[in-house]
Amino acid sequence: MKRIAVLMGGESEERDVSRVTGTAVARALADRGHQVTLLDTREGVLALGAGETPRIGERPPGSETGEGALALSGSSAMKELAGSLADVDAVFIALHGGWGENGTVQAFFEILGLPYTGSGVLGSALAMDKDRAKRVFGTAGVPTPEWRMVEWDPEHLPTKSDVAALARELSSDIVVKPNEQGSTVGLTVVKRGEDPFPAVEKAARYGRRVLLERYVPGRELTVAILDDEALPIVEIVPEEGVYSYEAKYTPGRSRYEVPADLPGDLAARIRLSALAAFHALRCEGFARVDYRLAPDSTFYCLEINTIPGLTPLSLVPMAAKARGISFEELVERIIESAIARGPRRGGPAPHPAGHPAKQGAAG
Ligand SMILES: Nc1ncnc2c1ncn2[C@@H]1O[C@H](COP(=O)(O)OP(=O)(O)O)[C@@H](O)[C@H]1O
Ligand SMILES: [Mg+2]
């Protein structure tokens, strides 16, 4: 039995999703006999089992108001958490997007000397920055669609013709998306020859860096990584072309095939590629690597999610199930590997298996 804090909520566009993940994770850990404290970063400690399961709205919570970036220091729940941490063996970070997933909260737990789930500061920060992640993929032999960056600097706004010229360099349909968002928020597919500027303006509402990426027609695949294993590939068949926020979180709006129907050697190559991508960004514990598979069987890595959804509809639990791992076991393994890594200090821990935890610490 371990004492575990499950941290959920946050202030990103994915706050609603995080609350569903956190609630499911907390219940699973409690069912496995752990002593669980469920904490919403806005509301503080919540009673486990009391109240209804949070629900995901049709739209991300910040999309109407543009709110979504309250300072971490302003969160009373974080202070409450910090005050009660003496009693906790590890923290399950069930936050998606923003400071919950980009290395910030990970750094907080490193300073406190507390084990936490998933990737460390570097892996989290790199994976959150799609442009930087894609550059690293390139050096690690992980294929990723060609792209260009637009900087939305209010002092020097890009002109329509600058943006159109960048789009033309890709000579195909393109996807315009914010560099640091998730859940398909702020994303638009722009046909070749159409004006990409309105799509860039829209994406820029979520951050000053905007990606123009070559559109990869074909199939949507995702590979869950658990510890150092690539789980069976999941194919997503959204009702409409793009795997949108709604298609992601509304039951029945997408179909899933697990394992994806692929020739064995192709599936093996994609799984190896996903592991290479995971290691290239210094990810740890678990993650989900998103791919597009073109009709000519070339595949392209879009991004890595270091805290993928763990809701009843989510893809990682689906992949785990195909590997014979129940939701409860999955959650248990994620927390176990966090505890095995121990407190981290400014970098990925050495591999837990067979290595003394304090090795090299004297240097
Ligand atoms: N280059 C692309 N080609 C085709 N579809 C894309 C491309 N980029 C994104 N998409 C679609 O948009 C979805 C979300 O894009 P992704 O890059 O994974 O960002 P996020 O999930 O962080 O919002 C993908 O799952 C896919 O359906
Ligand atoms: Mg994605």
Of the residues in the stretch 175-214 that are more than 16 Å from the chain's Cα centre (by Cα) and in contact (Cβ under 8 Å) with a residue 60 or more places away in the chain, the one that is nearest to ligand 1 (Cβ to nearest atom) is 213
Answer with yes or no whether residue 259 is within 16 Å of ligand 1 (Cβ to nearest atom), in contact (Cβ under 8 Å) with a residue 60 or more places away in the chain and outside any helix (DSSP H, G or I).
no
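Quick one: in the stretch 274-315, which of the residues that are assigned to a helix (DSSP H, G or I) and crowded, with 22+ Cβ neighbours inside 10 Å is farthest from ligand 1 (Cβ to nearest atom)?
Of the residues in the stretch 274-315, the ones assigned to a helix (DSSP H, G or I) are 274-280, 315.
Checking the rest, the ones that are also crowded, with 22+ Cβ neighbours inside 10 Å come to 274, 277-278, 315.
Working: 274: 13, 277: 13, 278: 15, 315: 10 Å.
My answer is 278.
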Options 54, 60: the member that is touching a Phe, Trp or Tyr at 6+ places or on another chain (Cβ under 8 Å) and modelled with pLDDT under 95
60
In the stretch 316-350, what count of residues is obtained for those that are outside any helix (DSSP H, G or I) and at pLDDT 95 or above?
4
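Determine whether residue 176 is more than 15 Å from ligand 2 (Cβ to nearest atom), modelled with pLDDT of 95 or more and not assigned by TED's automatic domain parsing to the domain that holds residue 238. So that I can check it myself, show each step before the final result.
Values: more than 15 Å from ligand 2 (Cβ to nearest atom): no; modelled with pLDDT of 95 or more: yes; not assigned by TED's automatic domain parsing to the domain that holds residue 238: yes.
No.
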What about residue 267, is it small (Gly, Ala, Ser), touching a residue at least 12 places away in the same chain (Cβ under 8 Å) and within 15 Å of ligand 2 (Cβ to nearest atom)?
no
Those residues of the stretch 244-273 which are surrounded by fewer than 14 Cβ atoms within 10 Å (Cβ to Cβ) and touching a strand residue (DSSP E or B) at 6+ places or on another chain (Cβ under 6 Å) amount to 255
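The values are calculated or read from the model by the stated rules, or taken from the named source; none is laboratory data. These figures come from a predicted structure and were not determined experimentally. Glycine also receives a Cβ, built like all others from the backbone with ideal geometry; neighbour counts cover every protein chain displayed.
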